[in-house]
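In what follows, a single structure is set out as structure tokens and then discussed.
The values are calculated or read from the model by the stated rules, or taken from the named source; none is laboratory data. Keep in mind that what you see is a predicted model, and the values were worked out from it rather than measured. Ideal geometry is used to build each Cβ from the backbone, glycine not excepted, and the neighbour counts take in all protein chains shown. These accessible areas exclude ligands, DNA and RNA; they are computed on the full protein's heavy atoms, side chains included. Shrake-Rupley method; radii C 1.70, N 1.55, O 1.52, S 1.80 Å.
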Amino acid sequence: MFNSKLKILSLGLFLAFAVGCSEPTEQQVMVQQAVKIEQADSCHLCGMTISNFPGPKGESYTANQDNINKFCSTRDLFGFILQPENKRQVREVFVHDMSKAPWGQPNDEHFIDAKQAWFVIGSTKTGAMGQTLGSFSLKSDAEVFVQEFGGQLYQFDDITLADL
């Protein structure tokens, strides 16, 4: 009798442990997504109206909020997320994919995960605050952009405040 109670207790503990350590379900994981930039949206960093300027824009979510931060340029986006007080709080970061849109009209249907993107810093193309970072899903498109407009190629984790 003691042996069967021990087996039942062991089985119960095993099941509790297995359920507690399993991967979260799709409903439990709330991954944020990029949202459309509206005509009146202003930049989280500088306050300028986002839609008034050419070039790629950015969006980010931080760990301590559910609202998205929108930026008038990729430069302002990085200026915000690379600040020491913000760097550890960043969850998701999105940028326009300039592999799929003209510089003058970034398309909100083509936001990409900034952590997977290729960036060009130092080109002759400008955005809301002067020079900004070109953002591309394809390295080959970023390389063609560099050949035409200058600049240097970077990946997300290689960009520092000094690069801006």
Exercise for the section: Evaluate the following for SER135: is it of a type in the set (Gly, Ala, Ser), open to solvent by 30 Å² or more (accessible area, probe 1.4 Å), touching a helix residue (DSSP H, G or I) at 6+ places or on another chain (Cβ under 8 Å) and touching a residue at least 40 places away in the same chain (Cβ under 8 Å)? Expected result: no
Fill in the blank from the handout: For ALA128, the lone unmet condition from (1) in contact with an Asp or Glu (Cβ under 8 Å, 6 or more places away or on another chain); (2) modelled with pLDDT of 95 or more; (3) not hydroxyl-bearing (Ser, Thr, Tyr) is (2)
Exercise for the section: Can you run down the residue pairs with Cβ atoms below 7 Å, 6 or more apart or on separate chains, where the first is in region 90-110 and closer than 25 Å to ALA63 by Cα and the partner is of a type in the set (Val, Ile, Thr) and buried (at least 24 other Cβ atoms within 10 Å of the Cβ)? Expected result: VAL95/THR74
Completion exercise
Among the residues of region 121-162, the number that are assigned to a helix (DSSP H, G or I), more than 18 Å from the chain's Cα centre (by Cα) and under 21 Å from VAL90 (Cβ atoms) is 1
Practice task
Being in contact with a His (Cβ under 9 Å, 6 or more places away or on another chain) and either more than 22 Å from GLN33 (Cα to Cα) or without any contact (Cβ under 8 Å) to a residue 60 or more places away in the chain (or both) narrows it down to one of ASP76, ASP113, so name that one.
Solution key: ASP76
Exercise for the section: For region 93-100, indicate whether the set of residues that are open to solvent by less than 50 Å² (accessible area, probe 1.4 Å), assigned to a helix (DSSP H, G or I) and within 19 Å of ASP141 (Cα to Cα) is non-empty. Expected result: no
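Condition check ((1) of a type in the set (Gly, Ala, Ser); (2) surrounded by 14 or more Cβ atoms within 10 Å (Cβ to Cβ); (3) closer than 19 Å to ASP41 by Cα) across all residues:
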{"position": "GLU109", "(1), (2), (3)": "no, no, yes"}
{"position": "ALA117", "(1), (2), (3)": "yes, yes, no"}
{"position": "GLY122", "(1), (2), (3)": "yes, yes, no"}
{"position": "PHE156", "(1), (2), (3)": "no, yes, no"}
